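The structure is given below, and queries will be raised subsequently.
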Amino acid sequence: MESVTIIECPRDAWQGLPQTIPTEVKFEYLSRLVALGFRHIDAVSFVSPKHVPQMADSEEVMAGLIKHFPADMPAPEIIGIVVNEKGLERALATPGVTTIGYPYSVSAYFRRANANMSRAESRALVETLHARTRAAGRNLVVYISMAFGNPYDEPWGPEIVEETLVWLKDIGVRTVSLADTVGTASPDEVAALFQSAKKCVAGIEIGVHLHSRPEGAAEKVLAAFEAGCRRFDGALTGLGGCPFAGDELVGNIPTETVLATLAARGVSTGIDTKALAIACALTGQIRLAYAHAADAPKPN
């Protein structure tokens, strides 16, 4: 049976929620995911608390998570997102973070608005990240943001993504994820870009971090899989929105949609039906408690 890598992304799901999730709730939830069989988790980020207050306690979350690792299971891959060298220092100093993640944008507007960096500055940072993570025995995954286009009326085309991939491979990066940041790619566009990416940089792992309206999610996952993708990001129950999309229905593709779509193709994901149901229920509790403004009525 063919297998794929599933990356669960609570960090992405949580970071824009209106209410702060207590530290102990975060690490207890993450430890439950590990016990349920989730082996690759985008769990924390090391960014400015002023800009992303939900992630201000990443070191404390990791300390709690390590204490709660199931004793009879190997430690999972934990991804920590950074956007500058200060964040890298924090991530490398945090036990349990095995992989550093960096969002490299091919959109000049998006890059400047989110990281206040030029293309040259961002590329210099990626080279630093690669050298320092390698020296520290950590892994590195680079997300190509806006890989499938953007709403900013900027030049875009597969050749821009391909050039970025070739550069990343040349400097030694071996894991890349193509991000449909605003969720506008059609299934055909997902397939076409992934196929061209695989052809231009054979030998490195390429995944997808897709956003979508709910009704289009399964088709996008299937398109990526049939194009050769074997690494998928998802967020349980589709928690977390996409503030850049201009459409409140566009957000993370639900992990349960990813798993169901792949299971229909006879793919092993390492997460069984019972574990998935429990994980969705746990996520539903977080959604109910923290995904609504404090003064808004909670749904029945």
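For region 207-215, state whether one or more residues are closer than 24 Å to Leu259 by Cα, assigned to a loop (DSSP other than H, G, I, E, B), in contact (Cβ under 8 Å) with a residue 24 or more places away in the chain and not polar (S, T, N, Q).
Yes, because at least one residue in region 207-215 is closer than 24 Å to Leu259 by Cα, assigned to a loop (DSSP other than H, G, I, E, B), in contact (Cβ under 8 Å) with a residue 24 or more places away in the chain and not polar (S, T, N, Q).
Can you tell me how many residues in region 162-172 are in a helix (DSSP H, G or I) and either under 20 Å from Ile100 (Cβ atoms) or under 18 Å from the mean Cα position of the chain (by Cα) (or both)? First the steps, then the outcome.
Restricting attention to region 162-172, the residues satisfying the condition of being in a helix (DSSP H, G or I) are 162-171.
Next, from what is left, pick out any that are either under 20 Å from Ile100 (Cβ atoms) or under 18 Å from the mean Cα position of the chain (by Cα) (or both): 164-165, 167-171.
Qualifying residue count, region 162-172: 7.
Still on this structure, please answer the following. Specify which of the listed residues (Leu168, Leu129) is out of contact with any Phe, Trp or Tyr (no Cβ under 6 Å at 6 or more places or on another chain) and not small (Gly, Ala, Ser).
On the way: Leu129 fails: out of contact with any Phe, Trp or Tyr (no Cβ under 6 Å at 6 or more places or on another chain).
None of the other options fit; the residue is Leu168.
Here's a follow-up. Under 6 Å between Cβ atoms, at least 6 apart or on separate chains: pull out the pairs that start in region 216-240 with a residue that is touching a residue at least 12 places away in the same chain (Cβ under 8 Å) and end on any residue that is among the hydroxyl-bearing types (Ser, Thr, Tyr) and surrounded by fewer than 23 Cβ atoms within 10 Å (Cβ to Cβ).
So the pair list comes out as Ala217/Thr257; Ala218/Thr257; Ala218/Thr261; Val221/Thr261; Leu222/Thr261; Arg231/Thr5.
While we're here: Test Ser48 against the criterion of being over 22 Å from Lys169 (Cβ atoms), under 19 Å from the mean Cα position of the chain (by Cα), hydroxyl-bearing (Ser, Thr, Tyr) and crowded, with 18+ Cβ neighbours inside 10 Å, and give yes or no. If you could, list the steps in order and put the result at the bottom.
On the way: over 22 Å from Lys169 (Cβ atoms): yes; under 19 Å from the mean Cα position of the chain (by Cα): yes; hydroxyl-bearing (Ser, Thr, Tyr): yes; crowded, with 18+ Cβ neighbours inside 10 Å: no.
It is false that Ser48 is over 22 Å from Lys169 (Cβ atoms), under 19 Å from the mean Cα position of the chain (by Cα), hydroxyl-bearing (Ser, Thr, Tyr) and crowded, with 18+ Cβ neighbours inside 10 Å.
Out of (1) among the charged types (D, E, K, R); (2) at pLDDT 95 or above; (3) farther than 30 Å from Gly266 by Cβ, what's the single condition that is false for Lys50?
The failed condition is (2).
If you scan region 173-189, which residues turn out to be touching a residue at least 40 places away in the same chain (Cβ under 8 Å), assigned to a loop (DSSP other than H, G, I, E, B) and polar (S, T, N, Q)?
Residues satisfying the conditions are Thr181, Thr184.
Here's something else I'd like to know. Could you please let me know if Asn139 is among the polar types (S, T, N, Q), surrounded by fewer than 23 Cβ atoms within 10 Å (Cβ to Cβ) and within 21 Å of Cys9 (Cα to Cα)?
yes
The values are calculated or read from the model by the stated rules, or taken from the named source; none is laboratory data. Bear in mind the structure is a predicted one, so any value in this text is a computation, not a measurement. Glycine gets a Cβ as well: all are built from the backbone with ideal geometry, and neighbour counts include every protein chain shown.
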